[in-house]
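Notes to accompany the following structure.
The values are calculated or read from the model by the stated rules, or taken from the named source; none is laboratory data. Everything numeric here is computed off the predicted structure, so don't read it as measured data. Neighbour counts are summed over all protein chains in view; Cβ atoms, including those assigned to glycine, are modelled from backbone coordinates with ideal geometry.
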Amino acid sequence: MISIIFKHILRFVFLIALQVLLLNNIQFSGYVNPYLYVFIILMLPFATPVWLVMLISLLAGLLVDMFQNTAGMHAAACVLMGYSRSFILKLFSPRDGYADSTEPTLHYLGASWYFSYSFILVFIHHFTYFFIEAFSFHEFLFTLTRMLFSLIFTMILIFISQMLIYKPKDSKRA
Amino acid sequence: MRNLFRLFWKYSNWVLFILLEVFCFYLIFNNNSFQKARWINSSNTFAGNVFTTVNSIKEYFALKEANQLLSEENALLRSQSLGSYAKYITTQTLVKDTFLKQQYTYIPADVVNSSINRRNNYLTLNRGYLQGIKSDMAVITSNGIVGYTKDVSANFCTVLSILNKDAKISAKIKRFDELGSLIWEGGDYRYGLMQDVGTHIELLRGDTIVTSNFSDIFPSNIMIGTVASFTKSERGDFFTIKVKYSCNLKNITHVYLVNDILRPEKKILEERSQHD
């Protein structure tokens, strides 16, 4: 139990550092900024209570906000994403439910399940964040384009990380 | 009472969700009125120190370019210094010296963090109120304007860059002294938009755009950029000008903060007139 908590704290710190020190510096034609740190929220074990998911999301969002001068914007998007997570998990639940100690991974539930799960949640996060940032529907298409580019980039990074971290054969180890 | 409590417990997640979102939006709306919610931006000590460490590593990679820029600037300043003028009119120079009163002093600073790819971009500098920084001080480089300071902590300050929705800068076409306002519409970090310029002037591509005399923050005649292209409005009375910034905000490492010594005096005077 302790080692699982430790693992998650380590992952949390690593992903936040990766986000603020490396990914925030990717500047590609003013459109693309991937937000891989939402991976933290995606990867929490199934059994995590919703209130804890929301508090972790809030903390992750606030930390990223602090480094980006976007006070509260990431936090708001993250909390919404964390809250939606429970509904998405319920919606896509397999017939015999999830095994409690496991995490949502690509190899545990398959590529199509994982894609729908992560795509919807990342979409919720990005959509909220980019429209709070623009704070108007005035530049709707421009904001939408920026959001979609970032969304694609984030999704690619999430799948790459999944493939790097978890070996296909011992999915139970998670 | 018990039923009420049970109801509350049943929807506790929902209540928590609403509370957290209210908190987040409280932060968002307070971000603009400065000195509130300061701990959440990068002028706080923790974020500032992380950025300083990373930046000291990053600076090594930009040393060559930074050196070149600095030496170019040195050369320019040297050519402007009194010693490099031939003394044709000695008397006038001397008289002028006693006439002039210094209005601006410059504080050099390092950029420890910056962005160009968001809708609202900021920089963080390694100077704070202990070094005499106040909010609303102009930030420039030898190439042109960068923005102005927003939040200030002990040793760091954040700068609202010209690549920001809130940046609206009073500018003029240098050749005609024609006024307009400069904004940024997002997208390409190399180009801004100048609006409200009258069409009675014969504008050309490449015309220089500088800060106007009416800016509350910037000294006048600081370089902003050049005219890249322009279109007339539908009624034909105003130009909309695409401005190519002279300062490349993507890789600036050294900037100057401009301290306007006469600004408090001007502020007090203007406030007094408004009260009357």
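Observations on the model:
- Filter pass, residue B:235 being over 20 Å from the mean Cα position of the chain (by Cα), part of a loop (DSSP other than H, G, I, E, B) and touching a residue at least 24 places away in the same chain (Cβ under 8 Å): no
- The residues listed here are B:130, B:123; of these, the one that is within 12 Å of residue B:254 (Cα to Cα), surrounded by 10 or more Cβ atoms within 10 Å (Cβ to Cβ) and at pLDDT 80 or above is B:123.
- Qualifying position, being buried (at least 16 other Cβ atoms within 10 Å of the Cβ) and facing chain B (nearest Cβ under 8 Å), among A:44, A:23, A:15, A:58: A:58
- One residue alone among B:224, B:209, B:201, B:241 is at pLDDT 90 or above and either farther than 23 Å from residue B:103 by Cβ or assigned by TED's automatic domain parsing to the domain that holds residue B:157 (or both), and that residue is B:241.
- Residues in segment B:182-192 that are assigned to a loop (DSSP other than H, G, I, E, B) and in contact (Cβ under 8 Å) with a residue 40 or more places away in the chain were compared, and the one that is farthest from residue B:245 (Cα to Cα) is B:186.
- The numbered conditions (1) touching a residue at least 12 places away in the same chain (Cβ under 8 Å); (2) within 21 Å of residue B:16 (Cα to Cα); (3) surrounded by fewer than 16 Cβ atoms within 10 Å (Cβ to Cβ) are all true for residue A:116 except (2).
- Any chance residue A:50 is under 27 Å from residue B:12 (Cα atoms), in contact with a Phe, Trp or Tyr (Cβ under 9 Å, 6 or more places away or on another chain) and surrounded by 12 or more Cβ atoms within 10 Å (Cβ to Cβ): yes
- When we screen A:29, A:101, A:3, A:93 for residues that are closer than 24 Å to residue A:142 by Cα, surrounded by fewer than 19 Cβ atoms within 10 Å (Cβ to Cβ), of a type in the set (Gly, Ala, Ser) and modelled with pLDDT under 90, the only hit is A:29.
- Selection within segment B:193-215 - free of Cβ contacts under 8 Å to residues at least 60 places away in the same chain, assigned to a strand (DSSP E or B) and not charged (D, E, K, R): B:193, B:194, B:195, B:197, B:198, B:208, B:209, B:210
- Taken together, B:13, B:44 contain a single residue that is at pLDDT below 75 and facing chain A (nearest Cβ under 9 Å), which is B:44.
One line per residue, one yes/no per condition, for (1) modelled with pLDDT of 60 or more; (2) part of a helix (DSSP H, G or I); (3) away from chain A (no Cβ under 14 Å):
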residue	(1), (2), (3)
B:57	yes, yes, no
B:71	yes, yes, yes
B:79	yes, yes, yes
B:96	no, yes, yes
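- Residue in segment A:69-88 that is in contact with a Gly (Cβ under 6 Å, 6 or more places away or on another chain), hydroxyl-bearing (Ser, Thr, Tyr) and either facing chain B (nearest Cβ under 9 Å) or over 18 Å from residue A:123 (Cα atoms) (or both) present: no
- Matching entry among A:76, A:111, A:47, A:71 (being out of contact with any helix residue (DSSP H, G or I) (no Cβ under 9 Å at 6 or more places or on another chain) and among the hydrophobic types (A, V, I, L, M, F, W, C)): A:47
- Here the condition is being over 11 Å from the mean Cα position of the chain (by Cα), at the interface with chain A (Cβ under 9 Å from one of its Cβ atoms) and under 22 Å from residue A:65 (Cα atoms); of B:165, B:150, it holds for B:165 alone.
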